[in-house]
1. Taking 1 over the mean of 1/r across every pair of different Cα atoms in segment 269-399, what Kirkwood radius in Å do you get?
2. Hey, can you grab everything whose amide H is under 5 Å from the amide H of residue 318? Only 5+ residues off in sequence or another chain; H modelled, so Pro and N-termini drop out.
3. Arrange the peptides 112-124, 390-402 so that the one whose residues have, on average, the most other Cβ atoms within 10 Å appears first.
4. Any idea how far apart residue 401 and residue 388 come out in nm if each label point goes 7 Å out from Cα toward Cβ?
5. I'd like the Karplus ³J(HN,Hα) series for segment 370-380: coefficients 6.51, -1.76, 1.60, θ = phi - 60°, whole numbers in Hz, and an x wherever there's a Gly or Pro.
6. How much solvent-accessible surface does residue 13 expose, in Å² to the nearest 10, with a 1.4 Å probe and all protein chains in place?
7. Quote to one decimal, in nm, the extra length available between residue 331 and residue 381 on full extension: 0.36 nm per residue of separation minus the C-alpha distance between them.
8. For segment 1-150, how big is Rg over Rh, using alpha carbon atoms and the Kirkwood form of Rh?
Amino acid sequence: MRVLHVPFTFAPDPMGGTEVYVRNLALEQAAGLESLIAAPGEQDEEYRVDGLPVFRFATSKRPGLRALYGEGDPAAAASFSQLLDRLSPDLVHLHAFTPAVSVAMEASKRRRLPVVVTYHTPTVTCMRGTLLEKGTSVCDGLMDERRCGSCALEARGVPGLVRAVAGALPAAAGKLAGRCGLDRGVWIGARMTELTEVRLKNTRLFLERADAIVVPCRWSEQLLLRNGVPRERIVFSRQGLNARAPVRQRSAGTGPGTPLRIVFLGRLDVAKGLETVLAALRELPGEAVALDIYAVHQGNRSGGNSYVAAIEKAIAEDARVRLLPPVPADVAAGLLADYDVLVAPSRLLETGPLVVLEAHAARVPVIGSNLGGIAELVTHERDGLLVEPGNAKAWAAAIRRLMGEPGLYCRLAEGISPPKGMSEVAREMNELYCGLAPAGMRAVSGRIVPVQHV
């Protein structure tokens, strides 16, 4: 059986947790089926990563607003359709909802291929991408045109009165502005009613057409149920850790006079909350701590270059902090054993992150945001500490506890359980694929093979 995985991007571009998951899943599945990877790119090309065949399909240089807000990139649709005809997969597994990836659903369905979708990040259903309503309170995720449109405008810095005026404009007014070529600056706000309708309509259609939707955590399962996705099409499967990655056990914890070694691995993105940890360290002047940041910068996402510049400035003002180059996924798991604690200060609802599993594999406790998937993976006071996201004083208090509370650090390290392996995830996905496989395919000892007719 040939499965085509479609993530947001792929190596050699910087890879986030979703892309690492796709790579590890495809490697684990290699023995049971043929796994291929297709990702949007500037042009059509083909190469290999870790032995896996990777195909990049060309996208538009500047897709229109309606394409960006859900209708999909027409150039990507044409390129991906050609790729489907060439590769002839038996099943397509989508790992994102973007202008370039969403078109893969329509192209696959036209060929009557089963499609699996994994809900990796809130960007699938949330126009803001964080599921934090107005950037502060956790949203229930129920898609609503008026509420989602207002929240999206607030994310762009549009004042409340202007949001109210923009929200009162009919969608027809936005369509007229679009026909006049008005798709920049203030006109985006004027068109938000139209764009929100486009986005939510296409998101609902995307979810309706999926044969199965994989959720790595319980909060995303509940979100989909609230939005009318039938329970029988939702498949719960937590993320797993790649067994091929070298993992060392942390050899020693903190001691008198020894700095607390803190590590952050993730994107330089406002949603990842690194600025909260830096602010927490400012609450602890003179304390013996050392923070190493292994940061991935995936272009101008939320926050953009101004956020990166602010982080770099804050780091330069504290000699205890180092900004280091990102490390390959296979190296990260072993690297964590050199540290005492991982910080995961996300301000959005994560479905992982994988780095928490890597920390657990190295028996390194985690200080994490009491939010989303982090709160599902970290058990407060047993294998880590959960802290209010964005609250620098609370984060400073948690760090101070690890440094000074007798017995706490050893208790947390001893409370860590081994994480789930990616081989188990691959087995779960292979069983799912088998259930959706075209007629004439069946499972044999974990492999999906053609039925031999006699």
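1. Values: mean 1/r = 0.0665 Å⁻¹.
The Cα-based Kirkwood calculation yields 15.0 Å.
2. Here the answer is none, since no amide H 5 or more places off falls under 5 Å of that of residue 318.
3. Values: 112-124: 22.5, 390-402: 18.7.
Per-residue Cβ counts within 10 Å, averaged per peptide and sorted highest first, yield 112-124, 390-402.
4. The answer from the label model is 1.4 nm.
5. Using θ = phi - 60°, the values come out as 7, 7, x, x, 4, 5, 8, 8, 9, 9, 4 Hz.
6. Roughly 60 Å² of residue 13 is accessible to a 1.4 Å probe.
7. On the way: separation 50, 0.36 × 50 = 18.00 nm, distance 2.80 nm.
Gain in length upon complete extension: 15.2 nm.
8. Ratio of gyration radius to Kirkwood radius for segment 1-150: 0.99.
The values are calculated or read from the model by the stated rules, or taken from the named source; none is laboratory data. Values in this document were obtained by computation on a predicted structure and should not be read as measured data. Because the Cβ atoms are built from the backbone with ideal geometry, glycine has one as well, and the counts that use them run over all protein chains shown. Side chains included, ligands, DNA and RNA excluded: accessible areas come from the protein's heavy atoms. Shrake-Rupley method; radii C 1.70, N 1.55, O 1.52, S 1.80 Å.
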